[in-house]
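*Asks:* Quick one: the structure is below, and I'll ask about it shortly.
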Amino acid sequence: MSGLPIPPVTPVTAFDELTDALTQMAAFEAAMADLDTARTARRVQSEEADGRDTFVRARDLEQLIASGAALTKQQQVWLAGYQTTAEYRTWSSMVEDFGEDVLAK
């Protein structure tokens, strides 16, 4: 037989390879969970045709901040992005002009 010699497999090498594989699997599962969360968020947002529920969700997060509660990074990013939209500004103006009753369904 010619070529390079096959290195012996030791228990330590096998353990390291298994650990690496498990780490990669955990990273993959986390990425898939993030993707599922994003898909769910898009589906929920599409169900909120008039934006009222989205605005109410933003107001709830703003109230949490005002009360001193901490938001998750995902909540912070979503809220910061949503607050820049025309939808958010429109609902804010409507609440300012007509009061909280405009949010009632």
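*Asks:* Across the range 56-105, what is the total count of residues that are in contact (Cβ under 8 Å) with a residue 24 or more places away in the chain and within 17 Å of the chain's Cα centre (by Cα)?
*Replies:* 5
*Asks:* In the range 24-54, which residues are outside any helix (DSSP H, G or I) and either at pLDDT below 80 or open to solvent by 50 Å² or more (accessible area, probe 1.4 Å) (or both)?
*Replies:* Hits for the range 24-54 are 48, 49, 50.
*Asks:* Within the range 52-79, work out how many residues are among the small types (Gly, Ala, Ser) and under 22 Å from residue 100 (Cα atoms).
*Replies:* Residues in the range 52-79 being among the small types (Gly, Ala, Ser) and under 22 Å from residue 100 (Cα atoms): 3 in total.
*Asks:* How many residues are open to solvent by 60 Å² or more (accessible area, probe 1.4 Å) and part of a loop (DSSP other than H, G, I, E, B) if we restrict to the range 55-105?
*Replies:* So the answer is 8.
The values are calculated or read from the model by the stated rules, or taken from the named source; none is laboratory data. Quick caveat, the model's predicted, so the values are computed rather than measured. As a convention, Cβ positions derive from the backbone with ideal geometry for all residues, glycine included, and neighbour counts pool all protein chains shown. Surface areas here come from the heavy atoms of the whole protein model, side chains and all, with no ligands, DNA or RNA. Shrake-Rupley method; radii C 1.70, N 1.55, O 1.52, S 1.80 Å.
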